[in-house]
Amino acid sequence: MLPKCFIFLSLVLATVFAEEKDVLELTDETFSHELERLENTLVMFYAPWCGHCKRLKPEYAKAAEMLLGNDPSITLAKVDCTDSGKDTCNKYSVSGYPTLKIFSKGDFVSDYNGPREAAGIAKYMKAQVGPASKELTGEDCLKAFLDSDEIGVVGFFEKEDSPLATSFHAVSKKLKDKVRFAHTTAKSLLEKEGHKNTIILYRPKILQNKFESNTVKYDESKGDIQEFINKNYFGIAGVRTRDNEGEFKNPLVVAYYTVDYTKNPKGTNYWRNRIIKVAKDFPKLNFAISSKDDFQHELNDFGIDFVKGDKPVILARNANGQKFVMKDEFSVDTFEAFLKDMEAGTLEPYLKSEPIPEDNSGSVKVAVARNFDEVVINNDKDTLIEFYAPWCGHCKKLAPVYDELGEKLANEDVAIVKMDATANDVPVPYEVRGFPTLYWAPKDSKNNPVKYEGGRQLEDFIKYIAKHATNALKGYDRKGKAVKPKSDEL
């Protein structure tokens, strides 16, 4: 009898191999030969120790399984850049992991810039290798196209070369990564559906509800085709994911709860329908539902560490990016009251902020969200501000230089400021995407700060500030060279 530990290990290994069975492993010896025989291939260049690669692998394997039997065929493959695929990785200038590239019959087509979750990978690759719009030749084709959990847009045209059809195909090529398109000129289908020379957006059965139409007909008087699709694609409350979050614009109201259309579509739609019931009466606002697990980082930004129970948590941003939290437990009535107050401007914005420092007399001032206006905007000084993260190695390296800069310019009409951007909301118009990020804010133009892109040695900062200061510095000329005090020149 096998030991329990061996049985457990065998099961684990079996699971791993099962997940990877549809992903083709390539080496320097097999790469060219295998790709030449394959119609379309997505290749992941990876390193076994890479954390991002480890996170992507199960999604990649799921996508490979989802693409089995696709027409045209799509194969997902991988190359280990640290072992048997070193030469291939060098040939394609792979410098980071994972790197994904698309090939056709052995020829490089393009870098992969799509989603990193299974459904998104599969959808993106289908759009890359197939026609932008699928031709429907009859009723069965239309039925098969609409038998999907994704939104579909269908053009019904009497003539393939009509102006509307031409515009439709141009838009389909532009949006094929995001939207499923199909078209038809089949007379039997045009007559049966009762559509001629028009475009219809179809909502999948899984997203249909009694508060909005299952189909939306294109109206030329309400804008062009792309605008029509963008306006109606998500419906009243879209399903917002990590892959499409950038498509949802402020003012935006998001309901966070257990959103899972695979394991619990009924429960997911139970709450979505209640969101829609209220949201339909607030057309000036945008609405979405999001998985509380996938967007825990956003919940943290609103001061929420954990979502208890099944009911949605409602968070919102207005057109100016200010944040609002619905404090009451969700119900149709409390949600409606929250939205009315938000539109009326009577809600108090939520501000993520550290406490205001009791002593802020150092040469480098500390800004937090609650004192940002005082320390930066209304200080009547030119200001250099560093947005940092406590764990950032580059920030730690900069810290002694930045402190010395503060001391050197302590008697100048310039403020040297730092702010922990992980513990405080960064105000508009500052944009922080990496650490450290530095901005120069002239005292007479605080609404138009300039991102500092110069060197990070003491002399680099001094030269920059001496050159750009509103008033000439007392201790340095405009080129950043130290000048002697007048009393020493006697």
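The reciprocal of the average 1/r between distinct C-alpha atoms defines the Kirkwood hydrodynamic radius, which for segment 155-196 equals 10.8 Å. When the pairs Lys210/Lys340; Lys323/Lys467; Lys365/Lys451 are compared against a 26 Å limit on Cα-Cα distance, Lys323/Lys467 fall above it.
Label segment 333-490 by shape, choosing from rounded, prolate and oblate, from the square roots a ≥ b ≥ c of the eigenvalues of the Cα gyration tensor; if a/c is under 1.5 it is rounded, and otherwise prolate applies when a/b is larger than b/c, oblate when it is not. Prolate, since a/c reaches 1.5 and a/b exceeds b/c. Axis of helix 163-175 versus longest Cα principal axis of the chain: the two differ by about 60°, to the nearest ten degrees. Cut-off under 21 Å on the C-alpha distance; same-chain residues fewer than 8 positions from Lys159 excluded. Which lysines are left, in chain and number order? Straight-distance partners of Lys159: Lys134, Lys173, Lys187, Lys192, Lys196, Lys217.
Calculate the length of the line joining the C-alpha centroid of segment 412-460 to that of segment 148-224, in whole Å. Segment 412-460 and segment 148-224 have Cα centres spaced 48 Å from each other.
Measuring with a 1.4 angstrom probe and ignoring ligands and nucleic acids, Asp28 comes out at about 40 Å² accessible. Here the simple spin-label model places points 7 Å from the Cα toward Cβ, and for Lys54 and Asn411 these points are separated by 5.5 nm. As a rough guide to protection, the peptides 51-63, 118-130 ranked by mean Cβ packing within 10 Å, highest first, stand as 118-130, 51-63. Rounded to the nearest 500, the 222 nm mean residue ellipticity of the chain from helices alone is -9500 deg cm²/dmol, with -39,500 (n - 2.57) taken per DSSP H run of at least 4 residues. Only protein heavy atoms count here; on that basis, with a 1.4 Å probe, Lys280 has an accessible area of about 90 Å².
Taking a Cβ cut-off of under 11 Å around Ala423, the surrounding Lys, Arg, Asp and Glu residues balance to a net charge of -3, with basic ones at +1 and acidic ones at -1. Note on the chain: the alpha carbon radius of gyration divided by the globular reference 2.2 N^0.38 Å gives 1.23. Dipole orientation for the chain: of the candidates Pro48, Ile416, Leu26, Ile416 has the Cα lying most toward the positive pole (charges on Cβ; Lys, Arg +1; Asp, Glu -1). Assuming charge only on the beta carbon of Lys and Arg (+1) and of Asp and Glu (-1), the dipole of the chain about its Cα centre is about 380 debye to the nearest 20. Taking Lys and Arg as +1 and Asp and Glu as -1, the other residues whose beta-carbon sits under 13 Å from that of Gly406 total -1. Pairs with C-alpha atoms separated by more than 21 Å, drawn from the list Lys263/Lys311; Lys176/Lys263; Lys57/Lys123; Lys126/Lys174, are Lys176/Lys263. Rounded to 0.05, the FRET efficiency of the Asn113 and Lys396 pair, given R0 = 30 Å and the Cβ-Cβ distance, is 0.40. Against the main long axis of the alpha-carbon atoms of the chain, helix 51-66 sits at an angle near 20°. When you restrict to C-alpha pairs under 8 Å that are six or more residues apart and normalise by the size of the chain, the relative contact order lands at 8 percent.
The values are calculated or read from the model by the stated rules, or taken from the named source; none is laboratory data. Everything quoted here is computed from the prediction, not taken from an experiment. Please note: Cβ atoms are built from the backbone with ideal geometry, for glycine as well, and neighbour counts cover all protein chains shown. Please note that ligands, DNA and RNA were not included when accessible areas were found on the heavy atoms of the full protein model with its side chains. Shrake-Rupley method; radii C 1.70, N 1.55, O 1.52, S 1.80 Å.
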